[in-house]
Amino acid sequence: MGDFVGIKYSSVNEGEERKGGRGVPKVSIVPLIFLIFYEVSGGPFGIEDSVKAAGPLLAIAGFLLFALIWSVPEALITAEMGTMFPENGGYVVWVSSALGPFWGFQQGWAKWLSGVIDNALYPVLFLDYVKSSIPALGGGLPRTLAVLILTVALTYMNYRGLTIVGWVAVFLGVFSLLPFFVMGLIAIPQIEPSRWLEMDLGNVNWGLYLNTLFWNLNYWDSISTLAGEVENPKRTLPRALSYALVLVVGGYLYPLITCTAAVPVVREFWTDGYFSDVARILGGFWLHSWLQAAAALSNMGNFVTEMSSDSYQLLGMAERGMLPEFFAKRSRYGTPLIGIMFSAFGVVLLSWMSFQEIIAAENYLYCFGMILEFIAFIKLRVVHPNASRPYKIPLGTIGAVLMIIPPTILIIVVMMLASFKVMMVSILAMLVGFVLQPALVYVEKRRWLKFSISAELPDLPDSNVEEDGTTALVF
């Protein structure tokens with residue numbers, strides 16, 4: 001369709017202005033870098049399991065290899081598609097434009113569930129770090145109340161505005177990374193390079209290893225659901241993604257390389273939180289305390305950024321008419337009020353799950369969404385090759401297909417390694433989405449709830465029509 005070639009978004013073509021129509025401040029590049037940092041990582045907290053599962057050599061090599069075959073392609077696709085469709089629906093709009101509204105809704109459902117499941121982890125991890133100082137938070141009613149209080153307090157921060165969340169992420173990111181930088185400097189004189197080569201292929205927990213790597217290096221596309229709130233996204237988003245990629249991967253490799261060679265590696269010790277023990281061994285109680293405080297606060301950074309992404313996704317879906325209009329309601333601070341409330345409620349409901357169950361379940365749902373993204377990316381390249389792409393990956397169609405083959409293989413492996421329980425729960429959750437979308441269409445037809453498409457957004461192309469007017473194959 002010719003009109004799709006020239007599709008225009010005011011945020012892309014007139015990106016120099018700093019405020020949107022509602023007078024809400026846009027997010028600039030520095031907060032955006034740290035929002036991406038927390039969407040994906042939040043620091044090297046939780047990567048210790050990679051050493052426990054496979055030893056130092058495979059842990060270090062794994063983060064390097066996974067960054068190349070997974071993080072780089074996902075970040076590149078996010079840069080291209082996010083600047084092509086710079087609105088808050090993000091990946092939901094990508095899939096809808098390529099495969100139609102049904103699959104767009106399934107993408108939104110799977111990714112929102114994955115994000116909420118992920119977010120249920122962070123209050124629990126925060127309490128795990130502070131329970132050594134406050135033992136009462138180790139379980140029972142005090143722990144339950146603490147989870148509720150944390151969720152309410154951090155939800156309120158999201159309510160107050162994305163720019164506040166962005167600058168809080170900057171502060172928390174710097175505070176969380178500094179102790180690792182200091183610990184690495186202290187470790188350098190004690191490094192024994194032979195420790196990096198420790199490996200036992202006959203004693204590798206491949207499920208834990210792959211899930212740990214995958215969990216710590218995914219979610220690059222989550223920032224796309226905030227694209228409508230970004231200042232001049234056609235330039236800012238690709239740059240922020242590239243800087244965040246260096247920050248995330250460097251933030252993992254630096255402590256892994258320095259710490260696994262500076263202390264004897266006993267793999268059983270390398271579980272969540274072990275870096276704080278390494279800090280005590282290398283630097284003493286002051287560094288141990290600093291790192292524990294950084295770990296606790298980093299979880300808060302993860303929480304507020306993930307909730308921002310989840311809630312703005314619901315707002316974007318409502319602006320595209322996929323959800324009832326009330327989801328598009330903004331607070332006086334410009335934030336998605338209903339989306340924030342739904343995301344917070346989901347976090348509270350899912351906070352009973354264990355750490356490993358959370359990781360496995362969210363990875364499974366996330367993989368389903370990524371398959372749809374890859375299909376949408378390739379189909380839009382084929383069906384609409386001349387569409388406006390402010391940033392375009394410098395590869396042709398064949399090169400783009402080759403680029404996504406390794407991450408697709410990785411997705412299949414991760415899904416196959418899921419336990420039967422996780423697989424069944426995840427499939428059941430996806431089936432709910434298959435029923436929910438036609439149910440919402442029926443509700444709209446019966447006019448029980450109001451649905452509308454925002455007048456500020458351009459029309460999406462017909463997913464089955466080529467630019468020359470011929471009909472394309474439906475995926």
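Scanning the range 307-349 for residues that are among the aliphatic types (A, V, I, L, M), under 24 Å from V443 (Cβ atoms) and either open to solvent by 20 Å² or more (accessible area, probe 1.4 Å) or not in a helix (DSSP H, G or I) (or both) yields M322, L323, A328, L337, I338, M341, L349.
Just to be sure before I move on: is W270 open to solvent by 20 Å² or more (accessible area, probe 1.4 Å) and over 24 Å from the mean Cα position of the chain (by Cα) in the structure I sent? So that I can check it myself, show each step before the final result.
Numbers: open to solvent by 20 Å² or more (accessible area, probe 1.4 Å): no; over 24 Å from the mean Cα position of the chain (by Cα): yes.
No; evaluated as a whole, the condition is false for this residue.
When the range 131-174 is filtered for residues that are buried (at least 16 other Cβ atoms within 10 Å of the Cβ) and touching a Lys or Arg at 6+ places or on another chain (Cβ under 6 Å), only L137 remains. Hey, does the range 172-192 have a residue that's within 28 Å of G283 (Cα to Cα) and charged (D, E, K, R)? Yes.
Only a single criterion out of (1) under 27 Å from W70 (Cα atoms); (2) modelled with pLDDT under 95 is not satisfied by W352, namely (1). Annotation: M307 fulfils all but one of (1) modelled with pLDDT under 95; (2) touching a Gly at 6+ places or on another chain (Cβ under 6 Å); the unmet one is (2). Evaluate the range 205-220: report whether one residue or more is assigned to a helix (DSSP H, G or I), without any contact (Cβ under 8 Å) to a residue 12 or more places away in the chain and open to solvent by 10 Å² or more (accessible area, probe 1.4 Å). No, every residue in the range 205-220 fails to be assigned to a helix (DSSP H, G or I), without any contact (Cβ under 8 Å) to a residue 12 or more places away in the chain and open to solvent by 10 Å² or more (accessible area, probe 1.4 Å). Would you check if V278 is more than 30 Å from S28 (Cα to Cα), of a type in the set (A, V, I, L, M, F, W, C), open to solvent by less than 60 Å² (accessible area, probe 1.4 Å) and outside any helix (DSSP H, G or I)? The answer is no for V278. Working only within the range 99-129, note down all residues that are modelled with pLDDT under 85 and open to solvent by 10 Å² or more (accessible area, probe 1.4 Å). Within the range 99-129, I117, Y122, V124, L125, F126, D128, Y129 qualify. Within the set I47, I36, the sole residue that is touching a Leu at 6+ places or on another chain (Cβ under 8 Å) and either at pLDDT 95 or above or open to solvent by 10 Å² or more (accessible area, probe 1.4 Å) (or both) turns out to be I36. Restricting attention to the range 388-435, and to residues there that are at pLDDT 90 or above and of a type in the set (S, T, N, Q), which single residue is nearest to the chain's Cα centre (by Cα)? Top of the filtered list is T408.
Give the residue, chosen from A240, A227, that is closer than 16 Å to T78 by Cβ, touching a Gly at 6+ places or on another chain (Cβ under 7 Å) and open to solvent by less than 30 Å² (accessible area, probe 1.4 Å).
Working: A240 fails: touching a Gly at 6+ places or on another chain (Cβ under 7 Å).
The unique qualifying residue is A227.
From the list L178, L282, L208, L185, the lone residue that is among the aliphatic types (A, V, I, L, M), touching a helix residue (DSSP H, G or I) at 6+ places or on another chain (Cβ under 6 Å) and either over 17 Å from A53 (Cβ atoms) or at pLDDT 90 or above (or both) is L282.
Sub-8 Å Cβ pairs linking a first residue in the range 39-51 that is assigned to a helix (DSSP H, G or I) to a second residue that is of a type in the set (D, E, K, R), at least 6 apart or interchain, are E39/E306; E48/D272; D49/D272; V51/R267, ordered by first then second residue. Among residues that are at pLDDT 90 or above, surrounded by fewer than 24 Cβ atoms within 10 Å (Cβ to Cβ), over 16 Å from the mean Cα position of the chain (by Cα) and in a helix (DSSP H, G or I), L247 is not included. For the range 319-335, a residue qualifies if it is in contact (Cβ under 8 Å) with a residue 40 or more places away in the chain and closer than 17 Å to W109 by Cβ, and the qualifying residues are E319, R320, G321, M322, L323, P324.
The values are calculated or read from the model by the stated rules, or taken from the named source; none is laboratory data. Note that the structure is predicted; figures quoted are calculated from it, not measured. With ideal geometry, Cβ positions are generated from the backbone for all residues, glycine too; neighbour counts draw on all protein chains shown. Areas reflect the complete protein model, heavy atoms only, side chains present, ligands, DNA and RNA absent. Shrake-Rupley method; radii C 1.70, N 1.55, O 1.52, S 1.80 Å.
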